[in-house]
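Visitor: Here's a structure for you.
The values are calculated or read from the model by the stated rules, or taken from the named source; none is laboratory data. Because the structure is a prediction, the values reported are computed rather than measured. Reconstructed Cβ throughout: ideal geometry from the backbone, glycine too, with neighbour counts over all protein chains shown.
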Amino acid sequence: MPVVTLSAGFVRQAICVSARKKTDYFDLTQRGFLLEVRQSGGKTYYQRYTDERGRERQYKIGPAEVLTLEQARRKARQVVAEALLGADPQQKRREMRAVPQLNSFVQERYLPYVRTYKSSWQTDETVLRIHILPKLGGLALDEIKTDAISDLINGMRADGYASGTINRVIVILRYIYNLARKWKVPGGSENPAAGLSVGPDVQRNRFLSELEAEALVRSMNSDENQTAARAIMLLLLTGARRNEITFAKWDYVDWKNKTLLVPKSKSGRPRVIALNQSAIALLTATPRIDGNSFIFPSPISSRPSASLHFPWDRIRKRAGLTDVRLHDLRHSFASFLVNRGVSLYVVQGLLGHLHARTTQRYAHLTQETLTGAADLIQEVVAFPGVSSVASST
């Protein structure tokens, strides 16, 4: 434990004593200040001090190739002064190191928590993986500021993402920080998403025409991934939600009553999906994989596909329907039924809606249906000269 007068020249020339992993050179002029020199050639400044409990501590100041000797001396004097005043020089450093990155907080705390109660947790996982974590995941919780989230949102708007997707990003981030504060996670006391307003969620209703549906079916039949294509076809045939089909198991099929059980729907309750003859034929033609209980497992992971994004994108582009979303198949299912005279009450039951007002936004009447309905009034009242035409048609 040599004691020397540390100087810039000494620091440059100092070497580790042979047969040792490191040598500590203590400064003669500044008590407790030292230079550690390692066999590898690395050099680091430290300051030793006594805390308020009388215990000896050592504070790492930094590498000699980055800090000058004078910079290291000033920091060392500051450390000693803090210790003499009763403060803990290491406290801030420990607090900073205890703040988790967003990536680790999401994987270790947030997702395991929401999986226990949130039926749409997979949507959270997808939004985090695709939109949030690539931009913000490498930052500590207290490094993420409102400006960073605003930049993320503005970038998504510029890329043409729907307001619903953008709002979901804000809501998820807000909830993450609310949980971090509730759980007293270091770095989570401030919520950078709290000041961001959620914009209006524009209801986008896109309904397939019969010709578009035919083009889509042809594209499904020719797709290279028939497992995904069959799952998408079943969505169109039943009006089910994506996860209700992708996570369906063979045990859920009641062949006798022609139904598919959903143990836990979006509402949190079980429901059954009615299967028409085409749906039954599709399921009958779907091969079973030994040891796999899922009807439509991914050929890569043997687990349900979380989004069907890539096969769906390929199928819709081939059909020339690039503006159609997967959820629009559910819209179209309802539209086809309503335009054939099926009551909203029955459609509500088929879609699994608890409230009729939810079903109403899916109920799209074509102009032909509206014109045909308007013509019915002529059976009661007609303009002179038109009644005979109406009665003859």
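Visitor: Is it the case that Val217 is hydrophobic (A, V, I, L, M, F, W, C), in a helix (DSSP H, G or I) and surrounded by fewer than 19 Cβ atoms within 10 Å (Cβ to Cβ)?
Guide: Numbers: hydrophobic (A, V, I, L, M, F, W, C): yes; in a helix (DSSP H, G or I): yes; surrounded by fewer than 19 Cβ atoms within 10 Å (Cβ to Cβ): yes.
Criteria met by Val217.
Visitor: May I pose another question? I'm trying to understand the selection: among the residues of region 3-14, which are surrounded by 11 or more Cβ atoms within 10 Å (Cβ to Cβ) and touching a strand residue (DSSP E or B) at 6+ places or on another chain (Cβ under 8 Å)?
Guide: Val3, Val4, Leu6, Phe10, Val11, Ala14
Visitor: A further question follows. Given the structure, is Tyr46 in the same structural domain as Lys21 (by TED's automatic domain parsing), in contact (Cβ under 8 Å) with a residue 12 or more places away in the chain and closer than 15 Å to Leu6 by Cα?
Guide: Values: in the same structural domain as Lys21 (by TED's automatic domain parsing): yes; in contact (Cβ under 8 Å) with a residue 12 or more places away in the chain: yes; closer than 15 Å to Leu6 by Cα: yes.
Against the criterion (in the same structural domain as Lys21 (by TED's automatic domain parsing), in contact (Cβ under 8 Å) with a residue 12 or more places away in the chain and closer than 15 Å to Leu6 by Cα), Tyr46 qualifies.
Visitor: Next question, about the same structure. In region 136-165, which residues are under 18 Å from Asn191 (Cβ atoms) and either of a type in the set (A, V, I, L, M, F, W, C) or in contact with a helix residue (DSSP H, G or I) (Cβ under 7 Å, 6 or more places away or on another chain) (or both)? Give the derivation first.
Guide: Pass one, region 136-165, residues under 18 Å from Asn191 (Cβ atoms): 136-137, 139-153.
Passing the criteria: Leu136, Gly137, Leu139, Ala140, Leu141, Ile144, Ala148, Ile149, Leu152, Ile153.
Visitor: I'm checking my understanding of the structure. Among residues of region 297-316 that are among the aliphatic types (A, V, I, L, M) and surrounded by 16 or more Cβ atoms within 10 Å (Cβ to Cβ), which one is farthest from Phe247 (Cα to Cα)? Before the answer, list the steps.
Guide: Taking region 297-316 as the starting set, the residues that turn out to be among the aliphatic types (A, V, I, L, M) are 300, 306, 308, 315.
Restricting the remaining residues to those that are surrounded by 16 or more Cβ atoms within 10 Å (Cβ to Cβ) gives 306, 308, 315.
Working: Ala306: 9, Leu308: 12, Ile315: 21 Å.
Only one residue tops the list, namely Ile315.
Visitor: Right, next: Do the conditions hold for Arg181, that is, is it surrounded by fewer than 19 Cβ atoms within 10 Å (Cβ to Cβ) and either charged (D, E, K, R) or assigned by TED's automatic domain parsing to the domain that holds Leu321 (or both)? Let's see the steps before the verdict.
Guide: On the way: surrounded by fewer than 19 Cβ atoms within 10 Å (Cβ to Cβ): yes; either charged (D, E, K, R) or assigned by TED's automatic domain parsing to the domain that holds Leu321 (or both): yes.
It is true that Arg181 is surrounded by fewer than 19 Cβ atoms within 10 Å (Cβ to Cβ) and either charged (D, E, K, R) or assigned by TED's automatic domain parsing to the domain that holds Leu321 (or both).
Visitor: Does any residue in region 8-36 that is over 27 Å from Ala83 (Cα atoms) come within less than 8 Å, Cβ to Cβ, of a residue that is among the aromatic types (Phe, Trp, Tyr) six or more places away or on a different chain, and which pairs are these?
Guide: Close Cβ pairs (under 8 Å, with a partner that is among the aromatic types (Phe, Trp, Tyr)) amount to Phe10/Tyr25; Ala14/Tyr25.
Visitor: Sticking with this structure for a sec: When region 70-119 is examined, which residues are found to be over 22 Å from Gln58 (Cα atoms), assigned to a helix (DSSP H, G or I) and polar (S, T, N, Q)?
Guide: Asn103, Ser104, Gln107
Visitor: Taking interchain pairs and intrachain pairs at least six residues apart, which have beta carbon atoms under 9 angstrom, with the first residue in region 326-340 and surrounded by 21 or more Cβ atoms within 10 Å (Cβ to Cβ) and at pLDDT 85 or above and the second outside any helix (DSSP H, G or I) and β-branched (Val, Ile, Thr)?
Guide: Ser332/Val324
Visitor: Contact list please: Cβ distance under 6 Å, first residue in region 67-80 and on the phi > 0 side of the Ramachandran plot, second residue surrounded by 13 or more Cβ atoms within 10 Å (Cβ to Cβ) and modelled with pLDDT of 95 or more, pairs at least six apart or on different chains.
Guide: none
Visitor: Out of the residues in region 91-129 that are aliphatic (A, V, I, L, M) and surrounded by 12 or more Cβ atoms within 10 Å (Cβ to Cβ), state the one that is modelled with the lowest pLDDT. Before the answer, list the steps.
Guide: Taking region 91-129 and keeping what is aliphatic (A, V, I, L, M), we get 96, 98-99, 102, 106, 111, 114, 127-128.
Adding the requirement that they be surrounded by 12 or more Cβ atoms within 10 Å (Cβ to Cβ) leaves 96, 99, 102, 106, 111, 114, 127-128.
Numbers: Met96: 78, Val99: 91, Leu102: 97, Val106: 96, Leu111: 95, Val114: 93, Val127: 92, Leu128: 95.
Once the filter is applied, the top-ranked residue is Met96.
Visitor: While we're here: Would you pick out the residues in region 144-173 that are under 14 Å from Phe105 (Cα atoms) and either without any contact (Cβ under 8 Å) to a residue 40 or more places away in the chain or assigned to a loop (DSSP other than H, G, I, E, B) (or both)? Working first, answer last.
Guide: From region 144-173, those under 14 Å from Phe105 (Cα atoms) are 144, 172-173; that's our starting set.
Result: Ile144, single match.
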